[in-house]
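Please read the structure below before turning to the comments.
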Amino acid sequence: MTTESTLATGTGRRRPALIVLCLVQFMLVLDDTVVNVALPTVRDELGFGDAGLAWVVNAYFLAFGGLLLLSGRAADLLGRRRVFLSGVALFGVASLACGIAQEPWQLVVGRFVQGAGAAMASPAALSLITLLYTGTRERTKALSIWGGIAGLGGTMGLVISGALTGLTSWRWIFLINLPVAALALILLPRLVAESRATHRARLDVPGAALGTGAVLALVYGLLQAGETSWGDVAVVGPLLLAVVLAVAFVVVESRTPDPLLPLSFLADRTRAVANGTTMLFSAAFYAMAFLLMIHLQTVLGYDPLTAGVAYLPYGAGILAGMWLASRAVTRFGTRWTLVVSFLICAAGLLLLSGLAPGDSYLAGVLPGMLVTSLGCGLSLPVLTVAAVSGTTEENAGLGSAVLTSVQQVGGAVGLAVLVTLAARHSDALADSTSQQHAATEGFTLALTVAAALLAVGAALIATLLRNPRDRPL
């Protein structure tokens, strides 16, 4: 990709620029999970229903995932620094709105706007890092730091949420974003010059509207199924609308001269399998984080701070898995490393699915958490390498945006399905058993299904990923 202006950033400014960009990415990814520990407190204070509560999570990464491709293209055409700063500003304003919300709808709208700001800032930041570090070795190192910070943000969101909710108020999980956003808005214009692509093309707004609308309709219908029945018009209507919008998206993308997502991009077998299984992976793990945090507090009786601290070993497991990933790929190749890592994840989820009232942390929670996190850390970097396999300077940004979109949308759909399954199964047992037992049975079913999704992913990788481009990480 060529630019109208070279980033007039000296070598001495690249490191502070990278720190600022990674700090913002940490904040954006942290907000994927930062609400999970606080959800029971938010539900009680603002009066959410169980299915409605899921929208506090879904609204964020639906907007984040749905708008990533459009925002990444806008950054190329309108200016990467401009779009990044606009996204950070929007994210900061929305965080303030979430922090002072008094009604459920206010928090959900604030979370959606937060996601829109994140969708603007994240791909623009990644583009800026790519331009700041032009050498292959230094760019790989910078992007590895970027990826590590992002993974840390997803884990630390649970810990920070527990600490802030337990020691102060759930509102601070949003208000803490304000100084980070302010710091980025002040420092980045002094560290990085503007850049944009020279090739002029129009933004594919119809494609973005249709794609995002299809996902919104799908998840809304799935969430409604948790409160009514699958045959209800409130469920069938949105699901049919999702199908129509998805078909329209494919038609528009095949005909527009500058598509948001060229359909030929996913013709590469390795990328197609990696992105498809990433969706299954994200569906299982977003749901696991949501359901486990609810289970720890409502069934095992943990307070928010204890629940957050209880999740700390998960981060250690992820780091250990990521350390093993490059060695595993070098020795066994991408295909079998992913198969084994998915099966490890599935085994960990099955261990967690057996978590019952009265189980201790060391004997009940920790073993399943460590196994699951090890598999997760082993899977993430390998999936990332496979998902951007074969991309060039012309489409590397598209590859990153597609991967992040798949992660966000897969998480939203998986969360909707598994929360619905857990809620309906618990409700069906509520009249014949205790509330704790009914909640446990719903939790067990959902995590068992999540493990099955990962087993399906492992089978798809073993069957379809025949000739991956195995490269050391």
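Bear in mind these aren't lab numbers, they're just calculated from the coordinates by the rules spelled out. Model, not experiment: these values are computed from the prediction. Positions of Cβ are generated from backbone atoms using ideal geometry, with glycine treated the same way; all protein chains shown enter the neighbour counts.
So how do 107-114, 64-71 stack up, highest first, on mean other-Cβ count within 10 Å? Mind showing how you got there, number by number?
Details: 107-114: 22.2, 64-71: 26.8.
Taking the mean over residues of other Cβ atoms within 10 Å, the ranking is 64-71, 107-114.
Which order do Asp32, Asp359, Asp431 fall in if you start with the one that has the fewest other Cβ atoms within 10 Å? Before the final figure, lay out the partial values.
Working: Asp32 23, Asp359 14, Asp431 7.
Final ranking by Cβ density, sparse to dense: Asp431, Asp359, Asp32.
Seen from all sides and averaged, what is the projected area of the convex hull of the Cα atoms in segment 266-473, in nm²? Please list the in-between numbers first.
Working: hull surface 46.3 nm².
Averaged projected area of segment 266-473's Cα convex hull equals 11.6 nm².
Do me a favour and compute the ellipsoid semi-axes for the chain from its Cα gyration tensor, root of five times each eigenvalue, largest one first, whole Å. Provide the component values of the computation, followed by the final result.
Numbers: eigenvalues 222, 122, 111 Å².
With the √(5λ) rule applied to the chain, the semi-axes are 33, 25, 24 Å.
Quick one: pull the percentage of alpha-carbon pairs in segment 205-257 with a separation above 13 Å.
55
Among Phe290, Phe91, Phe265, which comes first, then next, by fewest other beta-carbon atoms within 10 Å?
Sorted ascending by nearby Cβ count, the order is Phe265, Phe290, Phe91.
Would you work out which of Leu53, Leu383, Pro179 lies farthest towards the positive end of the dipole of the chain, given +1 charges on the beta-carbon of Lys and Arg and -1 on that of Asp and Glu, about the Cα centre?
Value: Leu383.
On a 0 to 90 degree scale, rounded to 10, what angle separates helix 80-99 from the longest Cα axis of the chain?
So the helix axis and the longest Cα principal axis differ by about 20 degrees.
Packing-wise, with mean Cβ within 10 Å as the measure, how do 120-128, 231-239 rank, highest first? All intermediate terms of the calculation are to be shown ahead of the outcome.
On the way: 120-128: 27.6, 231-239: 14.3.
The packing order, highest mean first, is 120-128, 231-239.
Determine the relative contact order of the chain: mean sequence separation of Cα pairs under 8 Å and six or more apart, normalised by residue count, in whole percent. Present the calculation step by step, with values, prior to reporting the outcome.
On the way: 828 pairs, mean separation 103.9, N = 473.
The value is 22 percent.
Given +1 on the Cβ of Lys and Arg, -1 on the Cβ of Asp and Glu, and no further charges, what dipole in debye does the chain carry about its Cα centre, rounded to the nearest 20? Write down the numbers at each step before the final one.
Values: 27 positive and 24 negative charges, 398 e Å.
Magnitude of the dipole: close to 1920 debye.
Which one, Ala363, Gln297, Ala320, projects farthest toward the positive side of the charge dipole computed for segment 266-473 from Cβ point charges (K/R +1, D/E -1)?
Ala320
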